[in-house]
Amino acid sequence: MLEIKNLHARIGDAEILKGVTLTIPDGEIHAIMGPNGAGKSTLSYVLSGRDGYEVTEGEAIYNGQNILEMEPEERAAAGLFLAFQYPVELPGVGNANFLRTALNAIRRSRGEEELDAVAFLKQARAAVKQLAMKEDFLKRNVNVGFSGGEKKRNEMLQMALLKPGLAILDETDSGLDIDALKIVAEGVNALRSEKFSALVITHYQRLLDHIVPDVVHVLANGKIVRSGNADLAKELEASGYVGLEAA
Amino acid sequence: MTALPTRKLEAWRFTDLRQISSTEFGAPPAMAAAPDLPDLPFPRFVFLNGTLNAALSTAFAYAKPFAPVREQGAQPMALINAANAKDGINIEVPDGVDAGEVLLISQASGATPFAFHPRHRVTLGQGAKLTIIEIDKGEGVYWQNALFDIDVAQGATLQHFRLQQESVEAFNITSIRARIAQAAAYEHFTLTLGAKLSRTEIEADLVGETALAHLNAAQLLGGAQHGDFTTIIRHKAPNCPSRQTVKSVLAGKARGVFQGKIEVDQIAQKTDGYQMSQALLLSPDAEMDIKPELQIFADDVKCSHGATIGALDEEQVFYLRSRGIPEADARQILIRAFLEEALEPVTHDASKAIFEDALESWWGKQ
């Protein structure tokens with residue numbers, strides 16, 4: 001379970017999050033929608049531990065630990081996964097090597113045995129197939145020369161292998177065609193279980209046709225201004241965010 | 001004795017040899033320490049403090065006795081080498097012979113400063129092949145001033161892979177002069193990790209059509225180390241490709257230098273030259289000097305060069321960490337990736353393994 005309590009964060013002098021409070025019980029998928037500049041991406045970066053954001057107040061408790069005090073790699077080991085809005089290219093780093101290093105780093109920190117190359121490749125190939133990706137995906141350099149859709153699929157591949165307890169998808173749908181969108185949705189839906197929860201950040205309702213959220217929150221001006229069930233997303237699609245921002 | 005070059009000379013602008021000229025170097029002592037030899041099944045030449053040790057070396061069919069040639073050039077380092085040379089390899093591979101691999105090991109150690117000036121000669125006949133794996137190591141204060149005269153005849157291929165892992169108190173100046181004939185190749189890679197001050201200077205003359213030179217290097221330096229990689233490639237015949245990828249990783253107050261000159265004679269049409277020098281500065285006190293120089297007298301050539309100096313990309317570091325990879329490992333992965341382009345042409349497995357092991361131990365020390 002993730003409990004975010006009265007979270008305030010700033011970049012330099014600009015306060016972006018102004019008291020976000022939100023609870024995601026295990027097994028649930030929550031969506032955060034909101035206009036540009038509401039603080040959606042800031043929330044995902046603060047939760048995953050990126051530099052440059054200062055938390056001035058509040059906490060984020062995941063499975064009993066305040067993750068805001070942890071290093072990014074410790075958060076990953078604790079079960080957090082951030083699917084990037086703009087996945088980073090790593091020239092010179094092979095995808096398979098990267099995935100195996102990440103998986104083994106997490107296994108190590110959990111006290112599990114590391115996977116050898118053969119066992120890893122077996123898992124990785126199965127995941128690649130499941131995500132309808134080409135075999136050569138594993139041989140290429142991480143995200144280098146990938147199309148927008150391929151980069152997002154690569155995020156889903158990482159998620160499938162790392163098996164997080166809590167996934168944060170930061171506008172993973174941006175720039176995706178409908179087929180890629182479905183693959184992202186399948187990637188999330190495949191992990192759905194009582195032990196898995198997700199925070200899906202999106203600008204549009206269409207992703208939520210494929211990943212049906214338990215709860216939809218509206219983030220505007222650094223605060224959650226409304227929460228409701230999946231129907232709220234449809235309502236927003238029709239009426240827009242106008243009116244909510246003033247709240 | 002010829003005086004050491006000073007920074008007033010354009011070719012030595014970035015590398016100050018006063019640390020060498022202000023040190024009093026004696027004759028090399030007999031070496032007490034046991035050498036650390038790689039476990040590889042190749043014939044080997046083992047030099048201890050600059051002298052070939054027969055007991056530690058093994059037979060190589062194409063080795064000739066040391067026979068210094070008269071110095072024709074006017075370069076100060078070569079003249080100093082010629083005046084002081086006492087030993088060196090002298091290899092002649094006959095036409096059509098694939099001579100496999102040889103190890104060239106230099107191990108140095110002594111209580112007081114000393115100098116040695118190996119003078120090596122490697123000649124490959126037409127269509128011959130040879131791979132030289134060179135490892136320079138040591139302890140204490142010494143100066144190795146080595147010189148290689150290399151002649152690669154028509155259709156022959158010489159691979160020359162060097163690991164410079166000298167003592168961090170030592171000085172290493174290595175001058176290489178290679179003459180590369182028609183359809184012949186000289187493929188060079190140096191990994192510089194050691195020495196307080198080092199310079200590898202390669203002059204490669206492409207004298208026949210489609211002769212090829214690969215002069216690649218990587219240097220990883222920390223503390224107050226100074227590493228200089230200087231090349232002069234002379235395209236003297238048409239249709240010759242030359243490739244240079246030089247990567248420098250500089251920590252602490254280290255200083256890296258790359259000077260790359262490409263000369264294209266009027267006759268050398270269809271020259272295909274590529275030169276890339278990139279530096280990664282891991283600390284605000286590190287410094288890199290890059291000087292590319294193109295001198296082109298032919299009108300139908302392709303010569304590209306590029307230089308970049310930067311820091312590790314923190315976005316990339318965060319991406320790796322967000323996947324559970326500890327920060328130190330994330331940085332190491334990215335540094336190794338940065339080096340990849342220079343290491344990639346080293347397709348010889350045993351050499352590659354030597355370089356990978358040396359890099360492993362470098363990470364451990366940082």
For the range A:115-131, in order, what is each residue's ³J(HN,Hα) by Karplus, 6.51 cos²θ - 1.76 cosθ + 1.60 with θ = phi - 60°, in whole Hz (x at glycine and Pro)? 8, 7, 4, 5, 4, 5, 4, 4, 4, 5, 5, 5, 5, 4, 5, 4, 8
How far is the Cα center of the range B:317-351 from the Cα center of the range B:209-249, in Å? 22
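Under 1.5 on a/c is rounded, so check that first for chain B, then, if it is not, pick prolate when a/b is larger than b/c and oblate when it is not; a ≥ b ≥ c are the square roots of the alpha carbon gyration tensor eigenvalues. Don't jump to the answer; show the numbers that get you there.
Values: a/c = 1.35, a/b = 1.07, b/c = 1.26.
It comes out rounded by the Cα gyration axes.
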Enumerate by residue number the GluC sites (Glu not before Pro) in the range A:48-119 meeting two conditions: DSSP loop (anything except H, G, I, E, B), and at most 10 other Cβ atoms within 10 Å of the site's Cβ. A:Glu113
Once amide H atoms are placed 1.01 Å from N in the peptide plane, what residues at a sequence separation of 5 or more from B:His226, or on another chain, have their amide H within under 5 Å of its amide H? B:Leu197, B:Ser198, B:Arg255
Can you compute the charge dipole magnitude of the range A:2-239 about its Cα centre, using +1 on each Lys and Arg Cβ and -1 on each Asp and Glu Cβ, nothing else charged? Give it in debye, rounded to the nearest 20. 540
Expressed as a whole number, the average count of other chain Cβ atoms within 10 Å around the Cβ atoms of B:309-322 is 6
Rounded to the nearest 0.05, what FRET efficiency do A:Lys5 and A:Glu194 have when you use their Cβ-Cβ distance and R0 = 22 Å? 0.40
Points 7 angstrom from Cα along the Cβ direction at A:Asp51 and B:Ser283: gap in nanometres? 1.7
Taking θ as phi - 60°, what are the ³J(HN,Hα) couplings along the range A:4-16 by the Karplus curve (6.51, -1.76, 1.60), each to the nearest whole Hz, with x for Gly and Pro? 9, 10, 6, 7, 10, 8, 9, 10, x, 8, 8, 7, 9
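Given A:Lys134/B:Lys261; B:Lys137/B:Lys261; B:Lys196/B:Lys261, which pairs have Cα atoms separated by over 32 Å? Intermediate values should be presented prior to the final figure.
On the way: A:Lys134/B:Lys261 43 Å; B:Lys137/B:Lys261 29 Å; B:Lys196/B:Lys261 25 Å.
Distance filter (> 32 Å) returns A:Lys134/B:Lys261.
Work out which helices of chain B, taken as complete DSSP H runs, extend at least 18 Å along their axis over the Cα atoms and score a mean Kyte-Doolittle of -1.0 or more, then list them. Can you show the working numbers first?
On the way: long enough: B:327-343 (24 Å, 0.23); B:349-365 (24 Å, -0.54).
Result, helices passing both filters: B:327-343, B:349-365.
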Per-bin percent of Cα-Cα distances, the protein assembly as shown [20 Å]: 18, 40, 27, 14, 1
What whole number of Å gives the distance from the Cα centroid of the range A:181-247 to the Cα centroid of the range B:65-105? 73
Could you give each residue of the range B:111-121 its phi-based ³J(HN,Hα) in whole Hz, using Karplus coefficients 6.51, -1.76, 1.60 with θ = phi - 60°, and x for Gly or Pro? 7, 10, x, 8, 10, 9, 10, x, 10, 9, 9
Relative contact order for chain B: what percent, with Cα pairs under 8 Å and sequence separation of 6 or more? 10
Amide H within-cut-off set for B:Ser167, under 5 Å, with H built and near neighbours excluded: B:Gly138, B:Glu139, B:Ala195
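Once R0 is set to 35 Å, what does the formula 1/(1 + (r/R0)^6) return for the Cβ-Cβ distance between A:Lys129 and B:Glu314, expressed as a FRET efficiency to the nearest 0.05? Write down the numbers at each step before the final one.
Numbers: r = 34 Å, r/R0 = 0.98.
E between A:Lys129 and B:Glu314, to the nearest 0.05, is 0.55.
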Skipping prolines and chain starts, which residues have an amide H placed within reach, meaning under 5 Å, of the one on B:Leu294, given they are 5 or more residues away or on another chain? B:Ile262
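Let me know the shape class of the range A:126-211, please: from the alpha-carbon gyration tensor, a ≥ b ≥ c as square roots of the eigenvalues, rounded when a/c is under 1.5, otherwise prolate if a/b is greater than b/c, or oblate. Can you show the working numbers first?
Values: a/c = 1.82, a/b = 1.24, b/c = 1.46.
Oblate shape, in that a/c is at least 1.5 and b/c is the bigger or equal ratio.
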Let me confirm one metric for peptide B:339-351, namely the mean number of other chain beta-carbon atoms within 10 Å of its residues' beta-carbons. 1
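If each DSSP helix of 4+ residues adds -39,500 (n - 2.57) and the sum is divided by the residues in the protein assembly as shown, what number results at 222 nm, nearest 500 deg cm²/dmol?
-7000 deg cm²/dmol
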Efficiency of FRET from Cβ geometry, A:Lys163 and B:Thr6, R₀ 41 Å, rounded to 0.05: 0.05
Expressed as a whole number of Å, what is the distance separating the alpha-carbon centroids of the range B:267-293 and the range A:125-159? 34
Of the options B:Val246, B:Ser109, B:Leu221, report the single residue whose Cα projects farthest towards the positive end of the charge dipole of chain B (beta-carbon charges: Lys, Arg +1; Asp, Glu -1). B:Ser109
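No lab work stands behind these numbers, since they all come straight from the coordinates. Remember, predicted model here, so these are calculated numbers, not experimental data. Reconstructed Cβ throughout: ideal geometry from the backbone, glycine too, with neighbour counts over all protein chains shown.
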